[in-house]
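Notes follow the structure.
The values are calculated or read from the model by the stated rules, or taken from the named source; none is laboratory data. Model, not experiment: these values are computed from the prediction. No Cβ is skipped: glycine too gets one built from the backbone with ideal geometry, and neighbour counts run over all protein chains shown. What goes into the accessible areas is simple: the full protein's heavy atoms, side chains included, and nothing from ligands, DNA or RNA. Shrake-Rupley method; radii C 1.70, N 1.55, O 1.52, S 1.80 Å.
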Amino acid sequence: MDTTTPSKKLRVLAIDGPAGAGKSTISKLVAKRLGLFYLDTGAMYRGFAYKVLRNNIDPSDEKEVKKLVSTTAINFDNGVTVDGNDVTREIRTEAVTNASSLVSSYKEVREFLVELQRSCAISHVGSVVEGRDITSVVFPDAQLKIFLTASVEERAKRRAIELGDIDVAKIYQEISLRDKRDSTRDVSPLIMPKDALLIDTTGRDIESILDEICRMWHKADTESKEI
Ligand code: DC
């Protein structure tokens, strides 16, 4: 089969959305159900941000951060490794969360990681890839593109439960700030392309969302095989 035909889509399920929309939970479960590889691109940005902090570089110092790109090796397979070291747990701290939001706005960092994300996902027969620019930049030719969202209130409540932090008001502010930064940055801002399907997870149970996505995937998969 000629996979270079322009209308042929990649066997990728691309999922974007703001922080706390349920992307990770849903993407992991969908990948498991469909037997696809799962790629968390946010974890890669976090891995890079972790290295920035470990090198005592100020994440807002773009010039210094950029210098690290050429000497960093990042890999994702269930967890993240940076230069061969597993940092899956370390990347979930508040400091890394904030640093990743900053370093992900730098062009060189994005180019470096987008390249890795493409080759990693394509090396599998089918992948679920989640992030902020997957439907728009990394895999605009994915066979299914989904934009997950939820109200800021609900996202803040979910994060508070996840972190065991009762200060929902503080988390609400942090999420609002990250939303603003992620969607207004110059390079690859969080946007919803016209051909992505919007799913609002506010007040919905996970099972019904999984069913909806899996149904759409099977439909897209069948259509793609007919091309
Ligand atoms: O999804 P997350 O919270 O783990 O993402 C961490 C940061 O990385 C977040 O501020 C947005 C950024 N990110 C991005 O810019 N592009 C992606 N494809 C994934 C994450």
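Does any residue of segment 155-163 turn out to be within 12 Å of the ligand (Cβ to nearest atom) and touching a residue at least 40 places away in the same chain (Cβ under 8 Å)? Taking every residue of segment 155-163 in turn, at least one turns out to be within 12 Å of the ligand (Cβ to nearest atom) and touching a residue at least 40 places away in the same chain (Cβ under 8 Å).
Quick one: would you say Glu130 is within 29 Å of Phe112 (Cβ to Cβ), in contact with a helix residue (DSSP H, G or I) (Cβ under 6 Å, 6 or more places away or on another chain), within 15 Å of the ligand (Cβ to nearest atom) and acidic (Asp, Glu)? So Glu130 fits the description; yes. Listed here are the strands (runs of 3 or more DSSP E) enclosed by segment 1-98 that have at least 1 residues being more than 11 Å from the ligand (Cβ to nearest atom) and touching a residue at least 60 places away in the same chain (Cβ under 8 Å): 10-16, 37-40. The lone criterion from (1) under 20 Å from the mean Cα position of the chain (by Cα); (2) open to solvent by 80 Å² or more (accessible area, probe 1.4 Å) left unmet by Gln173 is number (1).
One line per residue, one yes/no per condition, for (1) within 20 Å of the chain's Cα centre (by Cα); (2) surrounded by fewer than 22 Cβ atoms within 10 Å (Cβ to Cβ):
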{"site": "Met44", "(1), (2)": "yes, no"}
{"site": "Tyr50", "(1), (2)": "yes, no"}
{"site": "Glu62", "(1), (2)": "no, yes"}
{"site": "Thr81", "(1), (2)": "yes, yes"}
{"site": "Thr88", "(1), (2)": "yes, yes"}
{"site": "Glu94", "(1), (2)": "yes, yes"}
{"site": "Thr97", "(1), (2)": "yes, yes"}
{"site": "Ser100", "(1), (2)": "yes, no"}
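For Ala121, indicate whether it is in contact with an Asp or Glu (Cβ under 7 Å, 6 or more places away or on another chain), of a type in the set (Gly, Ala, Ser) and either away from the ligand (no atom under 13 Å from the Cβ) or touching a residue at least 24 places away in the same chain (Cβ under 8 Å) (or both). No; evaluated as a whole, the condition is false for this residue. The residues of segment 197-221 that are open to solvent by 20 Å² or more (accessible area, probe 1.4 Å), over 15 Å from Ser27 (Cα atoms) and not polar (S, T, N, Q), listed by number, are Gly203, Arg204, His218, Lys219. Cβ-Cβ under 6 Å, sequence separation 6+ or interchain: first residue in segment 177-201 and among the aliphatic types (A, V, I, L, M), partner assigned to a helix (DSSP H, G or I) and away from the ligand (no atom under 11 Å from the Cβ). Which pairs? Once the first residue is among the aliphatic types (A, V, I, L, M) and sits in segment 177-201, its partners that are assigned to a helix (DSSP H, G or I) and away from the ligand (no atom under 11 Å from the Cβ) give Val187/Lys107.
Screening Thr149 with (1) in contact with a Pro (Cβ under 9 Å, 6 or more places away or on another chain); (2) loosely packed, with under 14 Cβ neighbours inside 10 Å gives one miss only, at (2).
Among the residues of segment 132-146, is any open to solvent by less than 20 Å² (accessible area, probe 1.4 Å), farther than 23 Å from Ile91 by Cα and either of a type in the set (Phe, Trp, Tyr) or at pLDDT below 95 (or both)? Scanning segment 132-146, I find at least one residue that is open to solvent by less than 20 Å² (accessible area, probe 1.4 Å), farther than 23 Å from Ile91 by Cα and either of a type in the set (Phe, Trp, Tyr) or at pLDDT below 95 (or both), so the answer is yes. Evaluated against (1) open to solvent by 70 Å² or more (accessible area, probe 1.4 Å); (2) in contact with a strand residue (DSSP E or B) (Cβ under 9 Å, 6 or more places away or on another chain); (3) β-branched (Val, Ile, Thr), Thr184 falls short on exactly one condition, (2).
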